[in-house]
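The values are calculated or read from the model by the stated rules, or taken from the named source; none is laboratory data. Given the structure is predicted, the values throughout are model-derived calculations rather than measurements. As a convention, Cβ positions derive from the backbone with ideal geometry for all residues, glycine included, and neighbour counts pool all protein chains shown. Note: areas computed on protein heavy atoms with side chains; ligands, DNA, RNA excluded. Shrake-Rupley method; radii C 1.70, N 1.55, O 1.52, S 1.80 Å.
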Amino acid sequence: MHPTGRVINFTSLSLGFDPRLTSMAKFLRIGVHHSNVSGYTSKAWSVRRVGTTVLLKWGVVEVRGVGRNRRVYWAVPPREKTVGCRTAQRARGYVKKAIGRRVSHQYERLPDNMPIRPRPARASVESARALATILLIDIVGSTAKAAQLGDRRWTEVLNHYYAAVRGALRANRGIEISTTGDGMLATFRAASAAIRCASTIRHAVRTLGLEIRAGLHTGEYKMIGDDVVGIAVHITARVAAKAGASEVLVSSAVRELLDGSAIRFKDRGVHRLKGVPTGWRLYLAES
């Protein structure tokens, strides 16, 4: 998809490029549309022809910024492959076929002036610990849903999904920390706002034919570069893993903060959370 929203016919691109050129533009697999908030991960791929040699490079990238201000960085060192084709004609043919195999993968062609760079070094200074209610959501049965819909339609659904999620975050003053595939980690100052946000997302994504699971825990965490770390993050992830389809599950730490509130909770018992030394009582938020 072109940054203007126009779908690019990659077959035309592959057949119509100038054979005198020695390089091709980079391509970015669409995980979240370019107009959404930055900070997501995706996959990039590029090919460069130098005479009779084709140089391929691909891997996971981080996307920062939006629109024309986007910057793309390799999240990890990319994989590389060099193919010797003996003749320039064979090299051009190899490039055409390489692009053709990716037609169904829904890649967006990046502008020629948008390089994919190594990720900037992260600051080594750790931030102070902060106390917050942490929310983790993900889509239930996403792999099966993606297979059912196909890459193009699934990408469109994910675009609407993330738009709904980020809209709910803004409305409830949540702070997006990271995205992981079809999941998102966010923090809130108020536990009640975190539950409202999860409930809003749960109802909103049903119109897309999706169901989410959500887990919440209140505790301390700290940021190291772009990463959020701490036992509270692990507990949140384990709570989310215990949630069923369309469930908002919270730890006892969240429940205690909201004692006396209008939000109703159903006791789900004490659970052993993987990697956490003590058991936690979990509650289903029924708001």
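Val54 meets each of the listed conditions (1) modelled with pLDDT of 80 or more; (2) assigned to a helix (DSSP H, G or I); (3) within 22 Å of Met114 (Cβ to Cβ) apart from (2).
Taking the range 188-209, which residues are of a type in the set (D, E, K, R) and either under 17 Å from Val140 (Cβ atoms) or surrounded by 18 or more Cβ atoms within 10 Å (Cβ to Cβ) (or both)?
Residues satisfying the conditions are Arg196, Arg202, Arg206.
Restricting Arg202, Arg189, Arg166 to residues that are touching a residue at least 60 places away in the same chain (Cβ under 8 Å) and of a type in the set (Lys, Arg) narrows the list to Arg166. Thr218: hydroxyl-bearing (Ser, Thr, Tyr), open to solvent by less than 30 Å² (accessible area, probe 1.4 Å) and in contact with a helix residue (DSSP H, G or I) (Cβ under 9 Å, 6 or more places away or on another chain), yes or no? Considered against the rule, which asks whether it is hydroxyl-bearing (Ser, Thr, Tyr), open to solvent by less than 30 Å² (accessible area, probe 1.4 Å) and in contact with a helix residue (DSSP H, G or I) (Cβ under 9 Å, 6 or more places away or on another chain), Thr218 comes out as yes.
Comparison of Ile235, Ile231, Ile212, Ile224 shows that the only residue that is of a type in the set (Val, Ile, Thr) and open to solvent by 70 Å² or more (accessible area, probe 1.4 Å) is Ile231.
A Cβ distance below 8 Å, combined with a sequence gap of six or more or placement on separate chains, defines the contacts here; from the range 249-263, residues that are touching a residue at least 12 places away in the same chain (Cβ under 8 Å) reach residues that are of a type in the set (Asp, Glu) in the pairs Ile263/Glu286.
For the range 135-153, how many residues are within 15 Å of the chain's Cα centre (by Cα) and over 21 Å from His203 (Cβ atoms)? Residues that pass the stated criteria total 2.
For the range 16-28, state whether one or more residues are assigned to a helix (DSSP H, G or I), open to solvent by 20 Å² or more (accessible area, probe 1.4 Å) and modelled with pLDDT under 65. Scanning the range 16-28 turns up at least one residue that is assigned to a helix (DSSP H, G or I), open to solvent by 20 Å² or more (accessible area, probe 1.4 Å) and modelled with pLDDT under 65. Annotation: of all residues in the range 238-253 being hydrophobic (A, V, I, L, M, F, W, C) and surrounded by fewer than 21 Cβ atoms within 10 Å (Cβ to Cβ), the one that is farthest from Gly219 (Cα to Cα) is Ala245. Restricting the range 57-89 to residues that are among the β-branched types (Val, Ile, Thr) and not in a strand (DSSP E or B) leaves a set whose member that is nearest to Ile99 (Cα to Cα) is Thr87. The criterion of at least 3 residues that are closer than 17 Å to Leu135 by Cα and at pLDDT below 90 is met, among strands (runs of 3 or more DSSP E) falling completely within the range 193-287, by 212-224, 227-229. Before we move on, is Tyr94 under 26 Å from Leu55 (Cα atoms), touching a strand residue (DSSP E or B) at 6+ places or on another chain (Cβ under 9 Å) and modelled with pLDDT of 80 or more? Against the criterion (under 26 Å from Leu55 (Cα atoms), touching a strand residue (DSSP E or B) at 6+ places or on another chain (Cβ under 9 Å) and modelled with pLDDT of 80 or more), Tyr94 qualifies.
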